[in-house]
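First the structure, in the form of structure tokens, and then the observations on it.
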Amino acid sequence: MNTETIKKTQEVADKTERITGSEAIIRCLIAEGVDILYGYPGGAIMPVYDELYKYQDKIHHVLTRHEQGATHAAQGYARISGKVGVAMATSGPGATNLITGIADAQIDSTPMVCITGQVFSNLLGSDAFQETDIVGISTPVTKWNHQVTKASEIPEVIAKAFYIARSGRPGPVLIDITKDAQVSEFDFQYRKCTGIRSYVPVPKTNPESVKAAADLINAAKKPLIVWGQGVILGKAENELKAIVEKVGIPAAWTILGASALPTTHPLNVGMVGMHGNYAPNKLTNECDVLIAIGMRFDDRVTGKLDTYAKQAKIIHFDIDPAEIDKNVKTDVAVLGDSKDSLAKLLPLLNEKSHDSWLQEFKDLYKIEFEKVIKNDISPTKEGLTMGEVLKQINIETKGNAAIVSDVGQHQMIACRYADFNITKSNITSGGLGTMGFALPAAIGAKMAAPEREVVAIIGDGGYQMTIQELGTIFQQKAAVKIVVLNNEFLGMVRQWQQLFFDKRYASTEMTNPNFVAIAEGYYIKARKVTKREELADAVKEMIASKDSYFLEVCVEKEDNVFPMIPAGASVSDIRLS
Amino acid sequence: MNEDIKTFTISIYTENNIGLLNRISAIFQRRHINIESLTTSQSEIEGVNRFVIVVNITESQARKIIGQFEKQVEVIRAYYHKDEDTIYTESCMFKIKSALLFEEPQIQNIIKESNARIVTVNKEFFVLEKSGRRNEIESLRRDLNVFGIMQFVRAGRIAVTKDEMKITEMLLAFNNQ
Ligand SMILES: Cc1ncc(C[n+]2csc(CCOP(=O)(O)OP(=O)(O)O)c2C)c(N)n1
């Protein structure tokens, strides 16, 4: 039997042109709708850069200051736009520097195509200068990867790369292209990929399981929705909202699901997980039906699995069959694209409200407000808190900004307190927790959506992991607003040391440089705030700025983020202090 | 959940691509699953490879890793089977000093009784080939060991399943999409 292995768009008769592999790469990117890519040149990718020079009116290459920055910028671009982000690097160290961003994109399902140069194919395996087995290295952290050694393979492989990166559950793809493939000529024609025979991007939705899910939801007295990024990736925000409203179901979100439903929505009951809200965590163990939509029951969400929602029937909507029963045993699994399966579910649901159940969330919110939130966002003690900075940002941006957070305490505070009116607005490194993510990701987000206000919230630790991207901000005139919440500690680690290691602050205290001077060194307007009286004005000035702006806020050194589910504890054991 | 560890035969139908073995073995490695044996060959379908992998794991582990395999772009389909659902065999070769054939007449009986096949004989050595279940191969090895084995090698399990694998249908369905 012989069958095609991939499907492509129609061939255009007589439309081939003789061009080099490197020109073909650029032409393929343009054909895939790429207008911006992020990267860093070097020997093994120089022919491609030469073509980028020739095509600069059609495709804009952004020189980041480190290849890791290129991947995070591509991620930020993808996360805010839903399009595929593209990063490019040379062989060897250029390629290995991409790995952190690739791993981050893999675990957070971000569509990204990385193109790396490789040594001449006759040198492969000879330990040639700047040769690394990047295909081998990237295998466990890519959705797909491939090495191209012949120019003629380029169009088909790039077409596959984009198709795989964006279809189904998105993810990163790496294409490694030898230098001889870049420089040799061939007859070029581009046909987009529309299918691969071994790959089922979207499993079929079984109408019976949709019906079973509807029956459970209709019979539920205490239903709870927990949605994740699958809603955003599937563009199912409206369907989610319609379901939540029709049935009156309290709905909570994972960190990557944030912003799919506005934070102000009356049925939005907050974030689940380790530093999520009190009510949705506690009531996970009280609900009778848990409806998980496009989320993967990460351990930071579930806490101890043996005591997670044991009383509830579990419905799991997901596009990835491998997620079903991976961590939590489901009663009803609905496979498929979230938009499609939620649209099928909606007409089967009965109109309802769950007022007394919703009241339980409100009651617990009050407790959390009194014990935690009030002190976070309207503190009366002397030192500045991270929460009040977020509150000021909400006021100035009216909840319309995209918030790009790094990793640590400030991230949890940003996700807990930022107001989101617009979807795709919470850009953060969730699954991998990559410090250094925010600054370059904010660049990518701002360039993909120049009309949006993009505010990066970063700790003094993570900021210094990719601080060199200030150079990219300056060179690209990317009007990113940068807020460093400086507690002079690796705060999140310090918090654990305080709570679980008897305050032995091993290597978490930071002696920091003059951040304002550094930003000014890159010709970025900068301001430092140490007192509460100055905060409102500084945030106002920052948001009003047409250009990029750096704001350092010196916050209380030893504040902790609460609520907290200690690692390995049950969601019901969430602590308020 | 304390589930029993059992022997499972995992069959993975894949495109014939460089690098796929790496992707598949990484899935085992990440989960600390030891591969008892691994065989890969052309399958019944032109251009489609089949991996046959034997592991000792629990059934829920088996179910989960099948999900991970199927997630790989170039994996067409993956299955797991218990021993009773497959017909399987292993094969092995022995290299033994030829002189022993004449000095130790018992060896000839062992060969006959074990259904092993002599592949080649020359002045210095002869080569025996035997296929069957692991215990048969092991018992032959023990018997021959008494006389001295110059080389021994055993290949991984190969297996066919009792139930049908609908790979051809799947591939045809793709063509007709
Ligand atoms: C690349 C990387 N290294 C180490 C860690 C572990 N880690 C998690 S949070 C954290 C502290 C972050 O400190 P800072 O950036 O100052 O933010 P804060 O918690 O103080 O808000 C560390 C070290 C990580 N997540 N990523």
To the nearest 0.05, the calculated FRET efficiency linking A:ASP133 and B:ARG133 through their beta-carbon distance, R0 being 35 Å, is 0.35
Most fluctuating residue given options B:ASN17, B:ASN49, B:ASN122, as computed from a GNM of chain B linking Cα atoms under 10 Å: B:ASN122
Those lysines that a straight Cα-Cα span of less than 16 Å connects to A:LYS304, excepting residues fewer than 8 apart in one chain: A:LYS282, A:LYS326, A:LYS329
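Rounded to the nearest 5, what % of DSSP beta bridges with both residues in the protein assembly as shown are antiparallel? Walk me through the numbers before you get to the answer.
Numbers: 54 of 120 bridges.
The antiparallel fraction comes to roughly 45 percent.
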Burial ordering of A:LEU283, A:LEU216, A:LEU432, fewest other beta-carbon atoms within 10 Å first: A:LEU432, A:LEU216, A:LEU283
Shape of region A:207-360, Cα gyration tensor, a/c cut at 1.5: rounded
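Could you please report the charge total around A:MET465, scoring K, R as +1 and D, E as -1 over all other residues with beta-carbon less than 15 angstrom from its beta-carbon?
Here the charged neighbours net out to -4.
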What is the Cα coordinate range of region A:400-479 on the first, second and third principal axes, sorted by size from largest, in whole angstrom? 33, 28, 18
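To the nearest whole percent, what portion of all C-alpha pairs in region A:6-196 is separated by more than 28 angstrom? All intermediate terms of the calculation are to be shown ahead of the outcome.
On the way: 2838 of 18145 pairs.
In whole percent, the long-distance tail amounts to 16.
Any idea what % of Cα-Cα pairs in region A:296-342 are farther than 12 Å? The partial results should precede the final answer.
Numbers: 671 of 1081 pairs.
Everything past 12 Å amounts to 62 percent.
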Hey, which of these cross-link pairs are over 24 Å Cα-Cα: B:LYS95/B:LYS123; A:LYS8/A:LYS424; A:LYS160/A:LYS446; A:LYS143/A:LYS481; A:LYS160/A:LYS424; A:LYS58/A:LYS235? A:LYS8/A:LYS424; A:LYS160/A:LYS446; A:LYS143/A:LYS481; A:LYS160/A:LYS424; A:LYS58/A:LYS235
Find how many whole Å separate the alpha carbon centroid of region B:84-150 from the alpha carbon centroid of region A:27-73. 62
As a check on your grasp of the helix formula, calculate [θ] at 222 nm for the protein assembly as shown: sum -39500 (n - 2.57) over DSSP H runs of n ≥ 4, divide by the residue count, round to the nearest 500. -10000 deg cm²/dmol
Given the options B:GLU164, B:GLU36, B:GLU138, state which has the largest fluctuation in a GNM of chain B using a 10 Å cut-off (strictly under) for Cα springs. B:GLU164
Taking every alpha carbon pair in region B:6-85 and sorting the distances into 5 angstrom bins from 0 up to the bin holding the longest one, the percent per bin comes out as 3, 16, 30, 28, 16, 6, 1
Less than 20 Å apart at the alpha-carbon level, and either on another chain or at least 8 residues along: which aspartates and glutamates does that give for A:LYS371? A:GLU360, A:ASP363, A:GLU382, A:GLU388, A:GLU556, A:GLU558, A:ASP559, A:ASP573
Please quote Rg/Rh for chain B to two decimal places, taking the Kirkwood radius as Rh and restricting both calculations to Cα atoms. 1.08
Check B:ILE57: other-chain or 5+ apart residues with amide H under 5 Å from its amide H, H built from backbone geometry? B:LYS6, B:PHE8
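Region A:1-54: which GluC sites (Glu not before Pro) are DSSP loop and have at most 15 other beta-carbon atoms within 10 angstrom? Kindly include the intermediate steps, with their values, before the conclusion.
Details: sites: A:GLU4, A:GLU11, A:GLU17, A:GLU23, A:GLU32, A:GLU51; in loops: A:GLU4, A:GLU11, A:GLU32.
Passing sites in region A:1-54 are A:GLU4, A:GLU11.
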Check the straight Cα-Cα distances from A:LYS503 and name the lysines below 16 Å, setting aside those fewer than 8 residues away within the same chain. A:LYS557
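Let me check I have the definition right: for the protein assembly as shown, take the eigenvalues of the Cα gyration tensor, multiply each by 5, take square roots. What are those semi-axes in whole Å, largest first? Before the final figure, lay out each step's value.
Details: eigenvalues 501, 226, 137 Å².
Calculated on Cα positions only, the semi-axes equal 50, 34, 26 Å.
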Apply the Karplus curve 6.51 cos²θ - 1.76 cosθ + 1.60, θ = phi - 60°, to the phi angles in region A:549-566 and return the couplings in whole Hz, x for Gly and Pro. 8, 10, 10, 9, 10, 7, 9, 3, 6, 10, 6, 10, 9, 10, x, 8, 9, x
Neighbour-count ranking for A:SER405, B:SER131, A:SER570 (other C-beta within 10 angstrom, fewest to most) reads B:SER131, A:SER570, A:SER405
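Are there GluC sites (Glu not before Pro) in region B:79-128 that DSSP puts in a loop and that have at most 12 other Cβ atoms within 10 Å, and which ones?
Numbers: sites: B:GLU84, B:GLU90, B:GLU103, B:GLU113, B:GLU124; in loops: B:GLU124.
Sites meeting the loop and neighbour criteria: B:GLU124.
Here are some pairs, A:LYS344/A:LYS366; A:LYS362/B:LYS71; A:LYS339/B:LYS71; which of them have Cα atoms lying more than 31 Å apart in this structure? Provide the component values of the computation, followed by the final result.
Details: A:LYS344/A:LYS366 36 Å; A:LYS362/B:LYS71 41 Å; A:LYS339/B:LYS71 21 Å.
Violating the 31 Å Cα-Cα cut-off are A:LYS344/A:LYS366; A:LYS362/B:LYS71.
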In region B:115-148, the trypsin sites (Lys or Arg not before Pro) that sit in a DSSP loop and have at most 10 other Cβ atoms within 10 Å of their own Cβ are B:LYS123
If you average the alpha carbon positions of region A:189-207 and of region A:351-395, how far apart do those two centres end up, in angstrom? 44
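None of the figures in this text is laboratory data; all of them are computed from the coordinates on show. Note that this is a predicted model, so its numbers are computed, not measured. Please note: Cβ atoms are built from the backbone with ideal geometry, for glycine as well, and neighbour counts cover all protein chains shown.
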